[in-house]
Amino acid sequence: MAGKILLIFLCMNVISFSVNASLRPHACAVESGGKCSESGEWKGEFFPGIPKIKYEGPDSQNPLAYRWYNAEEVIFGRKMKDWLRFSVAFWHTFRGTGVDPFGAPTKYWPWEDGTNSIAMAKRRMRANFEFINKLGIDRWCFHDRDIAPEGKTIQETNSNLDEVVKLAKELQGDNIRPLWGTAQLFMHPRYMHGGCTSSELGVYVYAAAQVKKAMEVTHYLGGENYVFWGGREGYQTLLNTDMEYELDHMARFLEAAVAYKKKIGFKGTLLIEPKPQEPTKHQYDWDAATTTNFLRRHGLIGEFKLNIECNHATLSGHSCHHDVETARINGLLGNIDANSGDAQTGWDTDQFLTDIGEATMIMISVIKNGGLEPGGLNFDAKLRRESTDVEDMFIAHIVGMDTLARGLRNAAKLIKDGSLSELTHRRYESFENELGALIEAGRASFEMLEKKAIEWGEPKVASAKQELAEMIFQSFL
C-alpha cells in the first residue's frame, strides 16, 4: 500500500511539472509585441502600449497616470521627487513569480524563457530599466543573486555578476543609480543556520566573501546605500543556540564591513533592516529599538543607520510610523522600505502601501527628519498572486507612489496648520517652568521632587484629547 501511495505521489508531481511547463510561454511570445532575433535576443519594447507615466491630477480616471505624485512640485522648499526618492525593487518586480507554499507560479512575463541564464539575466535588466524610465523615477534596489545566477564556484559567481553589472552600468546612464544593493544570504542551503551567525566557520567565511563582492558592485554602480538584512540571522530554538556568541560574531562581521567600506572608498550609508521573524522564529534585529541597542552596545552607532520596512514593523507589533519615529529620534532613520501587510495574516505579505493615514504619519516623520537623503522610499512590495497582467506592475507602483505623495501633501498641510502640534505641545506645558527645566537638565534630585510633591499635594491630571487629535488628523486626509 505504501508503495502504491508513493507511486501516485510521484505521478502527481510529474503531471504538475508537465502542466507548469506547458503554461510557460516562450520568451518572445507573439502577443507581447516584442520580437526576437535568431539568437534569442529581445528586440523592441518590453512594455509596448504602456506610455511614460505622467501626472494628471486628482481628477484623472486614467489608471496609468499619477493623481498625486507631481515630481517637480515644490513642498517646503524641496521638490516632491527629492522628498520621496522612489526606488523599484528588482527582486519583487522582476523575479517575483506569484509562487506560495500552496501553489505554483502564476506569473509568466513575456520576456522570460524559464531559465536562470546570463542571457536571461541581461534581458531582465533591460526590462528593469525600461520600466524605471517609464515610471519616471531614477533609483532601483537589488540583491546580488537576483540580478545574476550563482555559479559552481565563488569565482564563477562573481564573473556572472560582473557581466550583468557591466550591462546595468551602461543602462543606468548618468541619471539612474541604485538606492541600495545587498547580498542575498538567506536562500541558498548553505545559509540555513545564518550567514554571519552560522555555527559553521566555512559559512561565515563564504558570507563575508559574498558581502565583499556585493559592496564592490554597489559601489561600482554608484549606489547610495548598502543594506544588511539578516533573514537567517537568528534562531529556531535557544536549546541549541549560544545567542551571545552569535551576536558577537554578527558585530565582528559588521565591523569588517565598515572597514572594507572605508578601504574601497564607498561613501554610501550602511543600513540594517530590522525584522522580528520569518524565516527564523526569532531574528536578532527584531525591531528599530532592538537594533539600535545592538549598534550602541557594539559601538557601531556612527557607522550604521536603519532601513525601516513597514511590514516588518507591523510583524513586530508596531505601526510603521512607530519604527520610523523610533529610528528618527535616535538619529538612525536612513531609508524606508515602503510596503504593508495584511492584518488578517501573520506573515510578511509585502503589499504596496495604500493606507493614506499611515502614509501621512510616516511622512510627518520624514519631514521632521529633514528628508531621507541619501536614503529614500523603496517599494519592497510585490503584486498579489492573482495579479498577472504586465500592466499590473505599473498600476501597483503608481498607487504606491500616489499614496506616499498624498501622505507628503497631507503631512505638509498638518505641519503648516499647527493645530495637531499645538495640541501635543499643550499636553506637556506643565513642565515649562523652573522645575521642569531642572528635570530636563538632569539636576532634579528625588529629595527636591519629594518636597514639591508634599507642597503641591495631589496633582491635577488633564485630558489627553486623543479624540480631538484624531479628528484633526482625519480632517487633513
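The values are calculated or read from the model by the stated rules, or taken from the named source; none is laboratory data. A quick note: this is a predicted structure, and the numbers were derived from the prediction, not measured. With ideal geometry, Cβ positions are generated from the backbone for all residues, glycine too; neighbour counts draw on all protein chains shown. Just so you know, the surface numbers come from the protein's heavy atoms only, side chains and all, with ligands and any DNA or RNA stripped out. Shrake-Rupley method; radii C 1.70, N 1.55, O 1.52, S 1.80 Å.
Which of the lysines could a cross-linker span from K263 if the Cα-Cα distance has to be under 17 Å and same-chain partners fewer than 8 positions apart are dropped?
Candidates past the 8-residue exclusion: K212, K213.
Could you state the number of Å between the C-alpha centres of region 412-477 and region 368-386?
33
Carbon-plus-sulfur fraction of the accessible area of region 339-477, 1.4 Å probe, in percent? Could the numbers behind the result be given before it?
On the way: 4260 of 8200 Å².
Whole-percent figure for carbon plus sulfur exposure: 52.
Using a 1.4 angstrom probe on the protein heavy atoms only, could you order Y69, Y235, Y55 from most to least accessible area? Let's see the in-between values first.
Working: Y69 10, Y235 35, Y55 90 Å².
Largest accessible area first, the residues go Y55, Y235, Y69.
Taking the chain as the reference, fit the longest principal axis to its C-alpha atoms, fit the long axis of helix 243-264 to the helix C-alpha atoms, and give the angle between the two in degrees, 0 to 90, nearest 10.
For 243-264 against the chain, the angle is about 80 degrees.
Net charge around K213, counting only other residues with Cβ within less than 15 Å of its Cβ (Lys, Arg = +1; Asp, Glu = -1)? Display every interim value, and only then the final one.
On the way: positive: R145, K166, K212, K261, K263; negative: D144, D146, E150, E156, D162, E163, E216.
Charge balance near K213 sits at -2.
What lysines sit close enough to K452 to cross-link, taking a C-alpha to C-alpha distance under 25 Å and skipping anything fewer than 8 places away on the same chain?
Partners found: K460.
At 222 nm, what value in deg cm²/dmol follows for the chain if DSSP H runs of at least 4 each add -39500 (n - 2.57) and the sum is divided by all its residues, to the nearest 500? Spell out each step's value before the answer.
Numbers: 17 runs with 220 residues, N = 477.
Here the helix-only value at 222 nm equals -14500 deg cm²/dmol.
Considering only P110, P63, A343, whose Cα is most displaced toward the positive end of the charge dipole of the chain, charges sitting on Cβ of Lys, Arg (+1) and Asp, Glu (-1)?
P110
On C-alpha positions alone, give me the angle between the axis of helix 446-456 and the longest principal axis of the chain, in degrees, nearest 10.
60
How far is helix 288-297 tilted, in degrees, relative to the longest principal axis of the Cα atoms in the chain, given as a value from 0 to 90 rounded to the nearest 10?
Value to nearest ten degrees: 80.
On a 29 Å Cα-Cα criterion, which of the cross-link pairs K81/K107; K267/K368; K79/K169 come out too long? Write down the numbers at each step before the final one.
Working: K81/K107 31 Å; K267/K368 24 Å; K79/K169 26 Å.
Beyond 29 Å between Cα atoms: K81/K107.
For region 94-211, what is the accessible area per residue in Å², given a 1.4 Å probe and the full set of protein chains?
Details: 4970 Å² over 118 residues.
Each residue of region 94-211 exposes 42 Å² on average to a 1.4 Å probe.
Per the 1.4 Å probe, what fraction of the accessible area of region 113-152, in percent, lies on carbon and sulfur atoms?
Numbers: 530 of 1190 Å².
Result for region 113-152: 45 percent of the exposed heavy-atom area is carbon or sulfur.
Gap in Å between the Cα centre of region 88-106 and the Cα centre of region 234-269?
First find each Cα centre; the distance between them is then 29 Å.
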